[in-house]
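Working notes for the structure below.
The values are calculated or read from the model by the stated rules, or taken from the named source; none is laboratory data. Remember, predicted model here, so these are calculated numbers, not experimental data. Here Cβ is always computed from backbone atoms with ideal geometry, including for glycine, and neighbour counts include all displayed protein chains. Surface accessibility is based on the protein's heavy atoms, side chains included, excluding ligands, DNA and RNA. Shrake-Rupley method; radii C 1.70, N 1.55, O 1.52, S 1.80 Å.
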Amino acid sequence: MQCRGVMADVQDGHYDSSTDSLRVEPIYESFLCPLTKQIMRDPVTLESGATFEREAILKWFKESDSSGRSLVCPITRKELSSTELNPSIALRNTIDEWMHRNEAAKLDVACKSLTSENSEHDTLQALEYVVEICQRSRSSRHVVRKLGLISLISELLKNSSTKVRQKALESLCFVAKDDNDNKDEIAAGDNIRTIVKFLSHGHVQEKEQAASLLYELSQYKPLSEKIGSVPGAILILVGLSSSKIENLFTVDRADKTLVNLESCEKNVRQMAENGRLQPLLRLLLEGSADTQLSMAAYVGELVLTNDVKVFVAQTAGSALVNIMKSGNREAREAALKALNQISSYDVSAKILIEAGILPPLIADLFTVGSNQLPMKLKEVSATILANVVASGANFQSIPLDHNRQTLVSEEIVHNLLHLISNTGPATECKLLQVLVGLTSSSTTVQGIVDAIKSSGATVSLIQFVEAPQREVRMASIKLLNNISPCMGQELAEAFRGNFSQLSSLIRVIADNNGISEEQAPAAGLVADLPLQDSVLTRRLVEDGAFTTIISKVIMIRQGESRGGRFVNPFLEGLVRIVSRITFILEDDPDIIAVAREYNLTALFSDLLQMNGLDTVQIVSATALGNLSGQSKHLTKILPPPNAGLCFSIFPCLSQKSVETGVCRVHHGICSSRESFCLLEGKVVEKLVACLDHNNEKVVEASLTALSTLLDDGVDIDQGVMVLCDAEGVKPILDVLCENRTEALRQRAVWAVERILRTDEIAYEISGNQNVSTALVEAFRHGDFRTRQIAERALKHVDKLPNFSGIFSKIGAQ
């Protein structure tokens with residue numbers, strides 16, 4: 001490209017084509033200030049006749065005065081009687097003319113150097129001339145543009161030399177300063193894109209100069225949108241402005257550039273997208289009504305990190321709630337969408353609660369008539385309410401109106417239930433999630449349960465388990481699972497009225513696409529139905545539910561099914577469902593046949609070993625106890641054997657002879673599968689191992705199961721021997737002595753009394769002070785039945801006299 005209008009008259013300077021260097025007119029000594037050694041711009045003369053730069057001599061006077069020195073001429077050293085400064089107009093004009101001649105010569109050299117292939121040195125020299133000239137005045141920068149140097153310098157931004165590129169950026173900074181026309185020309189074509197590229201890929205000095213140039217350009221508002229429209233420009237600037245590794249100058253320039261770019265709303269939105277929310281929030285709080293509306297709507301479109309949600313809630317939460325309360329329809333819609341985004345994190349949701357979001361939310365949901373929100377916006381309100389409730393705040397203490405009603409007040413819950421039954425699936429889902437949140441807290445669940453009961457909404461809630469929309473179905477199942485511990489009987493009655501809904505739950509449980517969030521509460525819900533409800537259990541048998549459920553239990557146990565955080569609660573629910581069979585075994589051949597078919601003794605024996613899953617162990621031990629309780633009825637009794645010689649096979653006991661192949665406890669033919677015998681199933685040792693568990697409920701369930709070996713109707717002496725063989729007597733005594741809970745003490749006292757009926761053990765235990773003390777404490781502080789049993793146990797160890805024996809002797813006399 002050729003330089004436009006190159007000055008031909010170099011006057012006293014001339015261009016040497018052989019060396020590409022310029023010999024300009026030399027600087028005369030009189031042009032230089034004696035103090036600064038720089039060319040004078042405003043020369044003034046003292047009474048001594050010496051001439052100085054005005055600013056320099058004034059500084060000299062000030063320093064002399066502050067140090068207490070007398071005023072003297074810096075050159076002649078003669079004392080001055082006056083500080084009067086006389087402008088040297090002739091000299092100033094001469095200097096100006098000289099500078100103009102040199103400026104013209106330098107510009108001519110720059111034009112010639114930049115329009116032809118030259119060495120790096122000559123190019124750098126030409127650019128230095130441009131910098132010097134632009135620093136002189138705005139008119140000089142105007143001349144640079146007129147000569148067409150801006151486009152020539154811009155071309156150098158793509159030069160292969162790092163030094164040239166850096167100097168070109170620096171030159172453009174000076175060219176752009178305080179000259180909007182120059183800025184327009186610099187921004188032409190793809191120059192801004194090239195400058196932005198330096199910010200992310202340039203060397204340190206290039207990055208500094210690019211940041212400075214972009215800052216200069218951004219001060220001209222018409223260029224704000226153009227800079228922001230360059231792909232990645234704002235993202236790069238935001239990154240630089242918050243960088244901890246870039247130098248402070250670059251960081252500062254990037255930050256100030258972004259401040260300038262805020263004049264364009266499009267840029268503000270881009271900044272928000274890239275994590276710089278302050279400009280958007282400022283406009284949201286301080287902008288015009290239209291701007292506030294626009295910014296609120298945009299907040300609703302952003303994908304925010306949790307930290308940013310908290311920041312937005314703290315900064316603009318109250319303003320958005322106020323818009324929601326009193327704005328027009330369009331403004332309320334924008335505010336709702338923004339609040340929907342912010343409320344999806346529990347910390348920010350709690351901030352919105354403090355800002356007063358609940359009353360207007362409830363009003364929006366419940367208002368009917370001409371002022372009601374469109375259904376689409378009611379869905380947004382319901383979503384926000386679900387988000388807020390999921391935060392876990394104490395909703396019992398947050399009033400919604402002057403009547404001090406809260407979210408858990410009966411009338412409010414009734415209104416929510418009514419709205420659920422009279423709205424579309426999307427809003428149904430969110431309102432169900434509201435109730436899920438409220439029933440997830442132990443402090444509010446009972447209030448919700450009471451309101452559901454009083455409204456008669458149980459049946460209508462259960463119908464959602466058949467909803468075709470997965471989200472609605474899942475929310476319904478979660479809600480029913482939460483309330484099932486408090487409403488098991490009511491839910492069972494509802495399911496008995498429509499078995500298809502129970503079948504729907506089983507289909508959810510049976511799904512084989514991994515273990516989903518929906519399956520765990522579905523299993524928990526079915527498991528919470530009354531265990532003794534034989535009608536429901538039989539229905540599950542008829543539907544083949546247990547085949548499916550047991551196969552899933554086995555797959556999970558073998559590690560074939562994976563589902564992350566849902567595995568354990570799902571497994572617990574499944575095991576509890578299977579255990580239902582063991583609660584209705586009494587005199588029911590069909591159910592006994594089911595238990596045999598699925599070999600439940602072996603199944604629960606295996607599950608008993610799942611350490612870390614306390615619920616599974618509790619349920620398994622309980623089920624084994626239920627099964628074992630039936631063994632005495634199911635064993636096949638053989639005719640009594642001929643009397644023979646008894647041999648002692650246990651070191652501490654004399655035992656009765658037992659026929660080979662006959663269960664020593666039940667005196668019949670037993671098996672794990674057919675009669676649920678713990679001894680034949682090799683379960684006793686596993687139950688004994690659980691007596692040392694940290695969870696009292698695991699211990700209690702295991703002790704209860706072991707106690708079936710000491711129950712009426714079995715050979716108690718042999719049951720004690722079995723416990724001895726399994727090294728189970730001492731753990732049972734330890735449970736008694738530890739006295740962890742009243743229920744455990746009652747169960748342990750019962751078992752110990754049975755064990756102490758064996759004289760050899762009673763004799764050994766009589767010297768154990770801990771056992772005696774534990775029995776005395778039970779005798780003193782237990783309930784009536786426990787005191788009676790403890791009394792019998794104390795008699796076994798001779799701690800209480802056996803009066804019945806004495807009275808029988810007296811009667812015989």
Exercise. Just to be sure, is residue 108 in a helix (DSSP H, G or I) and touching a Phe, Trp or Tyr at 6+ places or on another chain (Cβ under 9 Å)?
Worked result: yes
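Keeping to the stretch 185-211, report how many residues are more than 14 Å from residue 250 (Cβ to Cβ) and in a helix (DSSP H, G or I). First the steps, then the outcome.
In the first step, residues of the stretch 185-211 are kept if they are more than 14 Å from residue 250 (Cβ to Cβ); the result is 185-194, 197.
Imposing the further condition that a residue be in a helix (DSSP H, G or I) reduces the set to 185-186, 191-194, 197.
The qualifying residues number 7.
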Exercise. Restricting attention to the stretch 646-658, does a residue exist that is assigned to a loop (DSSP other than H, G, I, E, B), β-branched (Val, Ile, Thr) and modelled with pLDDT under 90?
Worked result: yes
Seminar exercise, completed: Selection over the stretch 105-128 where residues are within 19 Å of residue 172 (Cα to Cα) and open to solvent by less than 30 Å² (accessible area, probe 1.4 Å) yields a count of 11
Problem set entry | Which listed residue is among the β-branched types (Val, Ile, Thr) and either outside any helix (DSSP H, G or I) or open to solvent by 10 Å² or more (accessible area, probe 1.4 Å) (or both), from 714, 735, 722, 771 | 714
Problem set entry | Criterion (of a type in the set (S, T, N, Q) and farther than 19 Å from residue 221 by Cα) met by exactly one of 305, 257, 291 | 305
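Let me confirm something: among 612, 681, 625, which residue is at pLDDT below 95, closer than 29 Å to residue 523 by Cα, surrounded by 16 or more Cβ atoms within 10 Å (Cβ to Cβ) and within 56 Å of the chain's Cα centre (by Cα)? Break it down into steps so the answer makes sense when it comes.
Values: 612 fails: surrounded by 16 or more Cβ atoms within 10 Å (Cβ to Cβ); 625 fails: at pLDDT below 95.
Exactly one of 612, 681, 625 is at pLDDT below 95, closer than 29 Å to residue 523 by Cα, surrounded by 16 or more Cβ atoms within 10 Å (Cβ to Cβ) and within 56 Å of the chain's Cα centre (by Cα), namely 681.
Yes/no matrix, rows are residues, columns are (1) open to solvent by less than 10 Å² (accessible area, probe 1.4 Å); (2) among the charged types (D, E, K, R):
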site: 220; (1), (2): no, no
site: 228; (1), (2): yes, no
site: 231; (1), (2): no, no
site: 286; (1), (2): no, yes
site: 298; (1), (2): no, no
site: 304; (1), (2): no, no
site: 314; (1), (2): no, no
site: 321; (1), (2): yes, no
site: 325; (1), (2): no, yes
Problem set entry | Flag if residue 556 is assigned to a loop (DSSP other than H, G, I, E, B), surrounded by 15 or more Cβ atoms within 10 Å (Cβ to Cβ) and under 31 Å from the mean Cα position of the chain (by Cα) | no
For this session: Spot the failing condition for residue 709; the list is (1) open to solvent by less than 10 Å² (accessible area, probe 1.4 Å); (2) outside any helix (DSSP H, G or I), and only one is missed.
Result: (2)
For this session: With the checklist (1) assigned to a helix (DSSP H, G or I); (2) at pLDDT below 90; (3) not hydrophobic (A, V, I, L, M, F, W, C) in hand, flag the one item residue 4 doesn't pass.
Result: (1)
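Mind checking which residues of the stretch 758-768 are surrounded by 19 or more Cβ atoms within 10 Å (Cβ to Cβ) and either free of Cβ contacts under 8 Å to residues at least 40 places away in the same chain or not β-branched (Val, Ile, Thr) (or both)?
Of everything in the stretch 758-768, just one residue is surrounded by 19 or more Cβ atoms within 10 Å (Cβ to Cβ) and either free of Cβ contacts under 8 Å to residues at least 40 places away in the same chain or not β-branched (Val, Ile, Thr) (or both), namely 765.
When you look at residue 591, is it open to solvent by less than 10 Å² (accessible area, probe 1.4 Å), over 23 Å from residue 475 (Cβ atoms), more than 40 Å from the chain's Cα centre (by Cα) and not assigned by the TED database to the domain that holds residue 699, yes or no? Before the answer, list the steps.
On the way: open to solvent by less than 10 Å² (accessible area, probe 1.4 Å): yes; over 23 Å from residue 475 (Cβ atoms): yes; more than 40 Å from the chain's Cα centre (by Cα): yes; not assigned by the TED database to the domain that holds residue 699: no.
Against the criterion (open to solvent by less than 10 Å² (accessible area, probe 1.4 Å), over 23 Å from residue 475 (Cβ atoms), more than 40 Å from the chain's Cα centre (by Cα) and not assigned by the TED database to the domain that holds residue 699), residue 591 does not qualify.
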Exercise. Can you name every residue in the stretch 790-800 that is closer than 16 Å to residue 737 by Cβ and either among the aliphatic types (A, V, I, L, M) or touching a Lys or Arg at 6+ places or on another chain (Cβ under 8 Å) (or both)?
Worked result: 790, 793, 794, 797
For this session: Kindly establish whether residue 57 is part of a loop (DSSP other than H, G, I, E, B) and hydrophobic (A, V, I, L, M, F, W, C).
Result: no
Exercise. Can you tell which of 532, 519, 558 is at negative phi and free of Cβ contacts under 8 Å to residues at least 40 places away in the same chain?
Worked result: 558
Seminar exercise, completed: Listed by first then second residue, the pairs whose first member lies in the stretch 62-74 and is loosely packed, with under 12 Cβ neighbours inside 10 Å, whose partner is not in a helix (DSSP H, G or I), with beta carbons under 6 Å and at least 6 positions apart or on separate chains, are 70/79
Problem set entry | Residues that are open to solvent by 20 Å² or more (accessible area, probe 1.4 Å) and assigned to a helix (DSSP H, G or I), drawn from the stretch 486-502 | 486, 489, 490, 493, 496, 497, 499, 500
Exercise. So which pairs qualify, if the first residue must be in the stretch 82-102 and more than 19 Å from residue 138 (Cβ to Cβ), the second must be among the aromatic types (Phe, Trp, Tyr) and at pLDDT below 90, the Cβ gap must be under 8 Å, and the two must be at least 6 apart or on different chains?
Worked result: 98/28
Seminar exercise, completed: Scanning the stretch 354-393 residue by residue, the ones that are outside any loop (DSSP other than H, G, I, E, B) and surrounded by 19 or more Cβ atoms within 10 Å (Cβ to Cβ) total 18
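For the stretch 165-184, what are the residues that are surrounded by fewer than 19 Cβ atoms within 10 Å (Cβ to Cβ) and in a helix (DSSP H, G or I)? Explain how you work it out, then say what you get.
So the first thing to find is which residues in the stretch 165-184 are surrounded by fewer than 19 Cβ atoms within 10 Å (Cβ to Cβ), and the list is 177-178, 180-181, 184.
180, 181, 184 - these are the residues of the stretch 165-184 that are surrounded by fewer than 19 Cβ atoms within 10 Å (Cβ to Cβ) and in a helix (DSSP H, G or I).
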Problem set entry | Filtered residues of the stretch 329-347 (kept if farther than 18 Å from residue 273 by Cβ, within 14 Å of the chain's Cα centre (by Cα) and surrounded by 24 or more Cβ atoms within 10 Å (Cβ to Cβ)) | 343
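Inspect the stretch 456-473 for any residue being in a helix (DSSP H, G or I) and closer than 25 Å to residue 352 by Cβ and give the result as yes or no. Working first, answer last.
So the first thing to find is which residues in the stretch 456-473 are in a helix (DSSP H, G or I), and the list is 458-466, 470-473.
Still in the list and also closer than 25 Å to residue 352 by Cβ: 471.
Checked the stretch 456-473: at least one residue is in a helix (DSSP H, G or I) and closer than 25 Å to residue 352 by Cβ.
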For this session: Please work out which one of (1) open to solvent by 10 Å² or more (accessible area, probe 1.4 Å); (2) in a helix (DSSP H, G or I); (3) in contact with a helix residue (DSSP H, G or I) (Cβ under 7 Å, 6 or more places away or on another chain) is the condition residue 551 fails and give its number.
Result: (3)
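Being assigned to a helix (DSSP H, G or I) and under 26 Å from residue 601 (Cβ atoms), is that true of even one residue in the stretch 759-767?
First, the residues of the stretch 759-767 that are assigned to a helix (DSSP H, G or I): 759-765.
Subsequent filtering for residues that are under 26 Å from residue 601 (Cβ atoms) retains none.
Checked against the condition, which is being assigned to a helix (DSSP H, G or I) and under 26 Å from residue 601 (Cβ atoms), the stretch 759-767 yields no hits at all.
Considering only residues that are more than 22 Å from residue 511 (Cβ to Cβ) and within 33 Å of the chain's Cα centre (by Cα), which ones fall in the stretch 459-487?
From the stretch 459-487, those more than 22 Å from residue 511 (Cβ to Cβ) are 459-460, 483, 485-487; that's our starting set.
Correct list: 483, 485, 486, 487.
Results for (1) in contact (Cβ under 8 Å) with a residue 12 or more places away in the chain; (2) open to solvent by less than 20 Å² (accessible area, probe 1.4 Å); (3) in contact with a Phe, Trp or Tyr (Cβ under 7 Å, 6 or more places away or on another chain), shown as yes or no for each residue.
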| residue | (1), (2), (3) |
| --- | --- |
| 404 | no, no, no |
| 424 | yes, no, no |
| 435 | yes, yes, no |
| 446 | yes, no, no |
| 469 | yes, no, no |
Exercise. How about the stretch 115-138: which of its residues are over 12 Å from residue 153 (Cα atoms) and assigned to a loop (DSSP other than H, G, I, E, B)?
Worked result: 116, 117, 118, 119, 137
